[in-house]
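Colleague: Quick one: this structure, given as structure tokens, is what I'll be asking you about.
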Amino acid sequence: FFAMTSIWMGQRYHVYGVAFVALLLTFFNCGLATIIHVYYLLRAENHRWWWDAFWASGSTAIFLLAHAFVSFARSLLERSPLLLPTYFIYINSMLVVSFAVWLMTGAVGAITGYLYVQRIYS
């Protein structure tokens, strides 16, 4: 909530350390979830785990995008519907941010899955 208000409502957000720790925890959780997902894929003898690892970890961006749309819908009730260019900029910006988060967390998942497979088969 505080990060979104600092970006879109012009408020200052002074706790960058907390945001960085949250990013590291997100990457850590994505890596652990990917390891569990790859383990079950390999246990079922499905050796095409690359894209599944990417998608399993990258699905975090779906929740970010859903949160952005829910907060947008809540703020729409409080504001004038005449601000269409502002709404367009917000939606496009959050789509770009969600895509970037999808790429980052998907890369973390793919790398973690690769390192896990290398570890168990070496």
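Colleague: Report, ordered by the first and then the second residue, all pairs with beta carbons closer than 8 Å, sequence separation of six or more or different chains, a first member in segment 12-23 that is of a type outside the set (A, V, I, L, M, F, W, C) and at pLDDT below 70, and a second member that is assigned to a helix (DSSP H, G or I) and open to solvent by less than 90 Å² (accessible area, probe 1.4 Å).
Modeller: 12/6; 13/3; 13/5; 13/6; 13/19
Colleague: Another one. Could you check segment 44-66 and list, in sequence order, the residues that are aromatic (Phe, Trp, Tyr) and open to solvent by 60 Å² or more (accessible area, probe 1.4 Å)? Give the steps one after another, and end with the answer.
Modeller: If we filter segment 44-66 for residues that are aromatic (Phe, Trp, Tyr), which is where we start, we get 49-51, 54-55, 63.
Hits for segment 44-66 are 50, 51, 55, 63.
Colleague: Shifting gears a bit: Looking at residue 107, is it among the small types (Gly, Ala, Ser), farther than 23 Å from residue 9 by Cα and without any contact (Cβ under 8 Å) to a residue 60 or more places away in the chain?
Modeller: On the way: among the small types (Gly, Ala, Ser): yes; farther than 23 Å from residue 9 by Cα: yes; without any contact (Cβ under 8 Å) to a residue 60 or more places away in the chain: yes.
Considered against the rule, which asks whether it is among the small types (Gly, Ala, Ser), farther than 23 Å from residue 9 by Cα and without any contact (Cβ under 8 Å) to a residue 60 or more places away in the chain, residue 107 comes out as yes.
Colleague: Looking only at residues that are farther than 14 Å from residue 50 by Cβ and of a type outside the set (S, T, N, Q) in segment 109-122, which one is least open to solvent (accessible area, probe 1.4 Å)?
Modeller: Going through segment 109-122, the residues farther than 14 Å from residue 50 by Cβ turn out to be 119-122.
Filter once more, so that each one left must be of a type outside the set (S, T, N, Q): 119-121.
On the way: 119: 185, 120: 76, 121: 143 Å².
So, considering only residues that are farther than 14 Å from residue 50 by Cβ and of a type outside the set (S, T, N, Q), the one least open to solvent (accessible area, probe 1.4 Å) is 120.
Colleague: A further question follows. Looking at the structure I just gave you, is residue 28 open to solvent by 90 Å² or more (accessible area, probe 1.4 Å), modelled with pLDDT of 95 or more, over 26 Å from residue 9 (Cβ atoms) and in a helix (DSSP H, G or I)?
Modeller: yes
Listed here are the residues, each with its yes/no results for (1) part of a helix (DSSP H, G or I); (2) within 18 Å of residue 31 (Cα to Cα).
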site: 46; (1), (2): no, no
site: 54; (1), (2): yes, yes
site: 75; (1), (2): yes, no
site: 100; (1), (2): yes, yes
site: 108; (1), (2): yes, yes
site: 111; (1), (2): yes, yes
site: 115; (1), (2): yes, yes
site: 119; (1), (2): yes, yes
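Colleague: Check segment 83-98 and report whether any residue there is within 22 Å of residue 24 (Cβ to Cβ), surrounded by fewer than 16 Cβ atoms within 10 Å (Cβ to Cβ), in contact (Cβ under 8 Å) with a residue 24 or more places away in the chain and among the hydrophobic types (A, V, I, L, M, F, W, C).
Modeller: Yes, the conditions are met somewhere in segment 83-98.
The values are calculated or read from the model by the stated rules, or taken from the named source; none is laboratory data. None of the values given here were measured: they were computed from a predicted structure. Every residue, glycine as well, gets a Cβ built from its backbone with ideal geometry; the counts of neighbours run over all protein chains shown. These accessible areas exclude ligands, DNA and RNA; they are computed on the full protein's heavy atoms, side chains included. Shrake-Rupley method; radii C 1.70, N 1.55, O 1.52, S 1.80 Å.
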